[in-house]
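The structure appears right after this line, and notes come after that.
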Amino acid sequence: MILSGADIIVKTLIEQGVETVFGYPGGQIIHVYDSLYKYKKEINHVLTAHEQGAVHAADGFARASGKVGVVMATSGPGATNLVTGIATAYLDSIPMVAICGNVMTSQIGTDSFQEIDITGITLPITKHNFFVSSVSELAETIRLAFKIALSGRPGPVLIDVPKDVQIAKCEYTEQAKVEIEERKPAKDVRINEAVQLINASKKPFIYFGGGLIASGAQEEMLSLAEKIDAPIGCSMMGLSGIPTDHPRFLGMQGMHGHYASSVAMHNADLIISLGVRFNDRVTGKREKFAKNAKIVHIDIDGSELSKTVDSSIGLRADIKLTLQKLLPLVLDSKKDEWQKAVEGFKKEEKENEDMRDGLTPKNAIFALNKYLGENTPIATDVGQHQMWTAQNACFKNPRRFISSGGLGTMGFGMGAAIGASYATGEKTVLVTGDGSFGMCLNELATAVTYNVPLVILLFNNGVLGMVRQWQTLFFNKHYSNTVLQRKTDFVALSNAFGLKAERVDNLKDLDKALKNAFESKAPYLIECKIDKDEFVLPMLPPGGSMDDIIVAKPLNNK
Amino acid sequence: MNKYTVAVLVKNQFGVLNRVTSMFRRRQFNINALTVSETESNDYSRITVMFFGEENKKQQLINQLYKLPDVCSIKELDSTNSVSSELLLIKMANEPTTRDDVLTAAKAFDAKTVDYSKASMVFELTGDSTRIDDFINLMRDYEILEICRTGIVSLEKGASTISKSGGIM
């Protein structure tokens, strides 16, 4: 059938299985919005308050579902408002397709109204991007974008469509959903090399990240851990990859990781690394990172192998398929001495555990845990609350921790929580802080308009806590611009947006408020007052090593 | 530091060179020479990159290139498996006192005189990069007005081609 470019965009999205898109209309994408009107029975559009909210929502949708998140915006400022969100998705390898309108092809390059070179701007933060100059290429470009977004290491793809291409007509024939590039196991000879190292190891440690979730290799990893009697830790991006209460799981690694997990990896003689990229937040000082360990690294992206930390064996391959081939070759063995050492690390962690009563961040997250369903997504913003959530929230199933890891985007949470709720149909939790929340709280309007069932747990300490923590530890308590002397009344603010809210300052009230929030069918905000001097612990100082780990707050502090 | 030459077959599309060089810039790969042109098929362009670095840096560069969807094939070339050449244009001052020496040197290198005026002479020289370097170094004793060199182009020896070997698509 002959269709306009705008219709082809919408029809191709439907053809690729897209049910929900997030976005914001404008002059140069108005034709696509007309097509969305035409096809509204087949595809749902969620209008956010700001393009940034839309792109984070598409991201949250993708993280929670594993499908491509789709966002639309107009040219110029619409397109540039997507940039932070696209970069967030890029750093965390999230499949996304962003579609922007642009001025007529005849006006491109003339600095016309709301014209911006968005393909140029997003070049370093997309897996690939396209400028579509002819309507005849449009459908194939969108299909290719979906293929690229999902294949190999996923990532965001942007498509820039000038207005005249949206208006022009051409033949459109519906096609099947694109097949992603075949994922392959590593070569036998490389697997055998890895097996030799694994069989020779006396103190193996399994370290997984977001790549494990993308590969769906949870079962295989757990089988490997059982077979070789290894403890397991993960990067922040790996959280929810296996159940938090799994007996082999020591928790998150890194700057604010669990003590036992970090110490076990530091003392291991072999780190089996699955879908991780040894970010500086995990390794600390690279020269001192796990000096006695050999590293077997499996990643779908070859450029991650030996990028920051040299691996003894790097396998560019799909984790699941590789582990399936590797498992039968690995010898069963019990490692009593190593397990004893790991028990020791756990005991040390226990000794430093925060055992205070009252409304501490940890107790607040523990209170939240009681209300979580098996599939409740928890989104966060970025800062102390993010780390408290990462350390203490209890996950049962993968893709339920929705958090900006690589880019660390404050303001991510509101949009992402909305997207995650759309993806799962579940009541969704957003844990946020007063700093981050202040950045994108306009999306409360979206949550209310669409009645998105969010439980927003807002930690209010009146400061930018994470930066303040650094200022306390490393900048002689010079609290430069981290004390928010705002007078915001978050309950009144919520009410003004049209949602219910409560303010709590003790654990008992928090519990009651959570009960109310989880019973509500509508979005619900709980402002949780906490002390401004709460710390995230333990902490590996930036550029430090395990020798420098801070497990308790300095005594001269409140 | 080793010298590496990598040939990259890319889709002949608008903006591809920008994608490749943008990646070099943001990942801090320092490129010494880069040439690009259409190939036997106008669907593809061929980029030849020459740079100095360590083995792991080279591997990173290849790995990062491999991730660009417009990159079709990558081949590392060295002096044992390939032939390479580059072109130099050099403009010298035409001074009566140095004219004979300059012309003699050019002749010794088989450089072609492609322009001659009262005030200047332009020579053209093709050859491998070392030979070009040698010629330029020799000319430094006289007054060089301008230099333009193309950067290296390189082809594998024998019948194998980049699209048949090291292909990734």
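Every residue, every condition in (1) among the small types (Gly, Ala, Ser); (2) assigned to a loop (DSSP other than H, G, I, E, B); (3) free of Cβ contacts under 8 Å to residues at least 12 places away in the same chain; (4) under 22 Å from residue A:157 (Cβ atoms), yes or no:
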position: A:7; (1), (2), (3), (4): no, no, no, yes
position: A:13; (1), (2), (3), (4): no, no, no, yes
position: A:22; (1), (2), (3), (4): no, no, no, yes
position: A:30; (1), (2), (3), (4): no, no, no, no
position: A:35; (1), (2), (3), (4): yes, no, no, yes
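Consider region A:43-63 and keep the residues that are closer than 21 Å to residue A:14 by Cβ and among the small types (Gly, Ala, Ser). The one that is surrounded by the fewest Cβ atoms within 10 Å (Cβ to Cβ) is A:62. The residue that is nearest to residue B:153 (Cα to Cα), among those in region B:88-97 that are touching a residue at least 24 places away in the same chain (Cβ under 8 Å) and either exposed (fewer than 15 other Cβ atoms within 10 Å of the Cβ) or among the small types (Gly, Ala, Ser) (or both), is B:93. Can you find a residue in region B:131-151 that is over 23 Å from the mean Cα position of the chain (by Cα) and exposed (fewer than 12 other Cβ atoms within 10 Å of the Cβ)? Yes, there is a match, as at least one residue in region B:131-151 is over 23 Å from the mean Cα position of the chain (by Cα) and exposed (fewer than 12 other Cβ atoms within 10 Å of the Cβ). For residue A:63, state whether it is under 26 Å from residue A:215 (Cβ atoms), within 14 Å of another protein chain (Cβ to nearest Cβ) and in a helix (DSSP H, G or I). Taking the combined requirement at face value, the residue does not satisfy it.
Quick one: which helices (runs of 4 or more DSSP H) lie wholly within region B:1-111 and hold at least 3 residues that are out of contact with any strand residue (DSSP E or B) (no Cβ under 7 Å at 6 or more places or on another chain), within 12 Å of chain A (Cβ to nearest Cβ) and polar (S, T, N, Q)?
Numbers: elements: B:16-26, B:55-66, B:99-108.
Because the criterion is at least 3 residues that are out of contact with any strand residue (DSSP E or B) (no Cβ under 7 Å at 6 or more places or on another chain), within 12 Å of chain A (Cβ to nearest Cβ) and polar (S, T, N, Q), the helices (runs of 4 or more DSSP H) in region B:1-111 that meet it are B:16-26, B:55-66.
Quick check on residue B:75: is it of a type in the set (D, E, K, R) and crowded, with 18+ Cβ neighbours inside 10 Å?
Numbers: of a type in the set (D, E, K, R): yes; crowded, with 18+ Cβ neighbours inside 10 Å: yes.
For residue B:75, the condition - of a type in the set (D, E, K, R) and crowded, with 18+ Cβ neighbours inside 10 Å - is met.
With free of Cβ contacts under 8 Å to residues at least 24 places away in the same chain, within 14 Å of another protein chain (Cβ to nearest Cβ), within 23 Å of residue B:20 (Cα to Cα) and aliphatic (A, V, I, L, M) as the only criterion, which of A:123, A:91 stands out? Outline the logic, then answer.
Values: A:91 fails: free of Cβ contacts under 8 Å to residues at least 24 places away in the same chain.
That would be A:123, the only listed residue that is free of Cβ contacts under 8 Å to residues at least 24 places away in the same chain, within 14 Å of another protein chain (Cβ to nearest Cβ), within 23 Å of residue B:20 (Cα to Cα) and aliphatic (A, V, I, L, M).
Just give me the residues in region A:66-85 being under 12 Å from the mean Cα position of the chain (by Cα) and either surrounded by fewer than 24 Cβ atoms within 10 Å (Cβ to Cβ) or not in a helix (DSSP H, G or I) (or both), in sequence order. The answer is A:66, and nothing else.
Only helices (runs of 4 or more DSSP H) whose full extent lies in region A:217-297 are considered here, and the ones with at least 1 residues that are assigned by TED's automatic domain parsing to the domain that holds residue A:333 and at pLDDT below 95 are A:259-267, A:280-283. The single residue among A:313, A:300, A:242 that is away from chain B (no Cβ under 14 Å), over 30 Å from residue A:541 (Cβ atoms) and not hydroxyl-bearing (Ser, Thr, Tyr) turns out to be A:313. Residues in region A:201-253 that are closer than 19 Å to residue A:322 by Cβ, without any contact (Cβ under 8 Å) to a residue 40 or more places away in the chain and surrounded by fewer than 24 Cβ atoms within 10 Å (Cβ to Cβ): A:219, A:222, A:225, A:226. The set of residues from region B:131-149 being aromatic (Phe, Trp, Tyr) and under 18 Å from residue B:84 (Cα atoms) comprises just one member, B:135. When region A:301-340 is limited to residues that are part of a loop (DSSP other than H, G, I, E, B) and of a type in the set (A, V, I, L, M), the one that is farthest from residue B:60 (Cα to Cα) turns out to be A:331. Evaluate region A:147-155: report whether one residue or more is charged (D, E, K, R), in contact with a strand residue (DSSP E or B) (Cβ under 7 Å, 6 or more places away or on another chain) and over 15 Å from residue A:6 (Cβ atoms). The answer is no, given that none of the residues of region A:147-155 is charged (D, E, K, R), in contact with a strand residue (DSSP E or B) (Cβ under 7 Å, 6 or more places away or on another chain) and over 15 Å from residue A:6 (Cβ atoms).
The values are calculated or read from the model by the stated rules, or taken from the named source; none is laboratory data. The model shown is predicted, which means the values in this text are computed figures rather than measured ones. All Cβ positions, glycine included, derive from the backbone under ideal geometry; neighbour counts span all protein chains shown.
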